[in-house]
Each structure stands twice: as C-alpha cells, then as structure tokens.
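These notes concern the structure reproduced below.
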Amino acid sequence: MKVSCLQENLAKGLSIVGRAVASRSTLPVLSNVMLATDNGRLKLSATNLELGINCWVGAKVETEGATTVPARLLTDFVNSLPPERIDLELVVRTQTLNARCARFEANIKGIDAQEFPIIPTADDGERAIRLEPRDLRKMIDQVAFAAATDESRPILTGVLARFEGDRLTLAAADGFRLSVRSAPLGQAVDETFEVIIPARALGELARISADQEDWVEVIITPARNQILFHLNDVDLVSQLIEGKFPDYNQIIPSDRATRTVLDSTGFLKAARVSHLFARDAANIVRLEVAPGDELMPGHITLAATSAELGDNVGQMDAVIEGDPVEIAFNAKYLIDVLSVVDSAQVTLETTSASSPGVLRPVGDDDYIHVIMPMHLSR
C-alpha cells in the first residue's frame, strides 16, 4: 500500500472513526484503525464489535493494500503534524506503516488487516429509508439523553425507533423519565416495524452528521440485528438490542389537574440555580404551582435545601390553569430536558405530588417528556 493525502483530511477522518475504537479489549486488533485503499480513496475503519464506523478520505493511491495500526498513536501523530501532504507506505513483510510529512517521519508497527472484523458498508442494491439530517439530530438530542446508562436492564440503554407510515418515532426511558419525539420520513415505509438502537450509537451519529446536508440513509440488515446509517463519506453500523421495549404509552398520563405555561429560558435558569443547592440533597427541587387570581398573576416557586450548604428559592410568573400543586423533581432531569427544548415556552402538566409531570414545548406536538416525581418529606 502506498497512498498520499492531506494532513487535515486524515486527521478529520481519524477523529470520526476514533470513537468506535475499543478502549479495552482482549483482541489487540480492535485497538487499531484499519487503513485500506478503496476505489481511489483511503478508507479508515474502526470497531468495538458493537459500533463500527467507515470513513473515506480523498487520497492519491499509487499501490493498493491494507493494514491496521494503533489508533491512538496514529491519531496523536497525525494531529501533531503540519497541514501538508502525508505519504503513507506499508512494508508488508513486517506490517510496518511508514508515514512522512514535511520534515517528520515515523514507522508504526501494525497488525495484518485480515485479522480486522469486517464492517458492512452500504450496498447500492439495498433499499434505504431516508431521513432529513437536521430533523434526525434534533430527535436524537431530545431523546437519547433519557436512555439508561446502567447495564442492569440492557433494553433501556437503547432508543426505540418505530417506523410507521411516513413517520419515525424515537422513545427512550430509564425508569425515572421518558422522552418521545416523532418526525416525518423522506418516504413512507411499506410496513410498520420497531428496532432498538443503542443510545451511544445515536449519539455518535448526531456527532458525525453535524456537517451533513444531504439525506441520511438508514438500512436495516435482513436479519434485523444491525442498522447502518449512510452519510457523505461515512457509514456508521451498530448492533441492535434484542428484546421488547416497554409500552411507554402506559407511562404518559391521560389527564391532568394543572397546566402551567412557562418561559423556557427562565425555567431552565431557575432549575440550574436550584440545582446548585439540590445536588447535595439527592437533586430534589420542590415546585410550588400557585394559580393566579384577580390581584396576583399565577407563579411557580422553585426551592432547594441542602443541610450543609443552605437553601434557595426562585420564583417566576406563569400562566396556570387548574389546581395549586406542590411537587418535587430531580433538578438534573429538569435541566436535561429544558436544555433541548427549542421553543420559547414550555407547558408543565401535573396531577398530584405522586403522579408524573409532563413537559411539552408550546407549539410543538411532536415532542413529549415525562418525569417521575420525587418523594416529598414533611
């Protein structure tokens, strides 16, 4: 293998695939990134067997070939080089990659590419589902954070993706909160189906699709055990999580006793202030919803108390319909959801101190977030 490419292009490609490199593995080759020539370009690949990323970089190919080298070493070395042409040449007999750029040169020992797992790539013959990248990133931002990070219930570490007609719905829950978001598909699907995608894979997809303007194509393997996202010059492949996702519709309250309309930015700021005191007291922030009358407008009071640090109270005006209510939430969970709401106002629907609260952006019926209440001790 003998190829040349620009330092900035190789550095960008390595940063894209680098997040899929296995950090701890019994297979040494999984700590490597594969470099292979592919139709006049340089293909970079990395996988941890659950997530795999292929990235194609523009290059001048003199001799075909492939090898794998330690991902961290190559990335650090390339990032340290000046923005000039890099010449890469493989010594096949010793599996050593010679890299030259300006007045720098290195020899990096690698492992034969045949030992590297095969990462599927998009096949022109496979039928793909098309998604608008901006909608997709917004969906991931508003849903994936609610997935569980605890592996005790693997199904909840994933995000349910339901393809139905011309719409895609994503849902994630960790037992304490639920996020559901829907958006239109590029074209309708023939049959309704569901898959569970690891939340981490969707987070990586949102990251690498930041510059994407063309459609993101989604291909699900016939065995329904892998999902492939095809972008410009990048393919991301993820294993799917097997099992049945809980019926989240049962968690969403069907009625409410109080509806509170708040300024989104003000509510987020008040939650962040309360969190300063709540974080040492199980993150509990107490919300007191007081409807207005002829003399006073409605208002909501946020209070947090720390036995060691002190306490704080914040108040903001609100349009409130229904009964007064006092309820407690996890301040961090409030901050998480309010940080991804992009409407000027948000509604908080409550029933009682022991019933879930429901947050919805005003003017956006495609997003709903449910937060379980925390126990209020008297």
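For the reader, a short list of remarks on this structure follows.
- Filtered by the rule that a residue be in contact with a strand residue (DSSP E or B) (Cβ under 7 Å, 6 or more places away or on another chain) and either free of Cβ contacts under 8 Å to residues at least 12 places away in the same chain or under 13 Å from Leu35 (Cα atoms) (or both), segment 92-104 gives Gln95, Thr96, Leu97, Asn98, Ala99.
- Some residue of segment 224-234 being more than 30 Å from Gly58 (Cα to Cα), touching a residue at least 12 places away in the same chain (Cβ under 8 Å) and not in a helix (DSSP H, G or I): yes
- Residue in segment 8-15 that is closer than 20 Å to Ala122 by Cβ and surrounded by 21 or more Cβ atoms within 10 Å (Cβ to Cβ) present: yes
- Scanning segment 356-378 for residues that are touching a residue at least 40 places away in the same chain (Cβ under 8 Å), open to solvent by 30 Å² or more (accessible area, probe 1.4 Å) and over 15 Å from Asn330 (Cβ atoms) gives Val362, Asp366.
- Members of segment 141-183 that are more than 13 Å from the chain's Cα centre (by Cα), surrounded by fewer than 22 Cβ atoms within 10 Å (Cβ to Cβ) and not in a loop (DSSP other than H, G, I, E, B): Pro154, Ile155, Arg162, Phe163, Glu164, Arg167, Thr169, Ser182, Ala183
- Checked against the criterion of being open to solvent by 50 Å² or more (accessible area, probe 1.4 Å), at pLDDT 95 or above and among the polar types (S, T, N, Q), segment 114-121 has at least one qualifying residue.
- Residue match in segment 201-211 (condition: in a strand (DSSP E or B), open to solvent by less than 10 Å² (accessible area, probe 1.4 Å) and of a type in the set (Ser, Thr, Tyr)): no
- Of the residues making up segment 275-290, those that are surrounded by 17 or more Cβ atoms within 10 Å (Cβ to Cβ) and either within 26 Å of the chain's Cα centre (by Cα) or under 12 Å from Ala328 (Cα atoms) (or both) are His275, Ala278, Asn283, Ile284, Val285, Arg286, Leu287, Val289.
- Test result for Arg93, over 34 Å from the mean Cα position of the chain (by Cα), farther than 22 Å from Ala59 by Cα and either part of a strand (DSSP E or B) or of a type outside the set (S, T, N, Q) (or both): yes
- Flag if Ala71 is in contact (Cβ under 8 Å) with a residue 60 or more places away in the chain and either more than 30 Å from Tyr367 (Cβ to Cβ) or open to solvent by less than 30 Å² (accessible area, probe 1.4 Å) (or both): no
- Restricting segment 78-87 to residues that are among the hydrophobic types (A, V, I, L, M, F, W, C) and touching a strand residue (DSSP E or B) at 6+ places or on another chain (Cβ under 6 Å) leaves a set whose member that is nearest to Ile118 (Cα to Cα) is Ile86.
- Test: residue in segment 172-185 that is among the β-branched types (Val, Ile, Thr), on the phi < 0 side of the Ramachandran plot and free of Cβ contacts under 8 Å to residues at least 12 places away in the same chain: no
- Any hit, segment 299-322, residues being modelled with pLDDT of 95 or more and assigned to a helix (DSSP H, G or I): no
- Evaluation of Asp342 against the conditions (1) assigned to a strand (DSSP E or B); (2) over 19 Å from Thr258 (Cα atoms) shows that the sole unmet condition is (1).
The values are calculated or read from the model by the stated rules, or taken from the named source; none is laboratory data. For clarity, every value in this text was computed on a predicted model and none was experimentally measured. When we count neighbours, we look across all protein chains shown, and the Cβ atoms used for this are built from the backbone with ideal geometry, even at glycine. Just the protein is used for accessible areas: all its heavy atoms, side chains included, with ligands, DNA and RNA removed. Shrake-Rupley method; radii C 1.70, N 1.55, O 1.52, S 1.80 Å.
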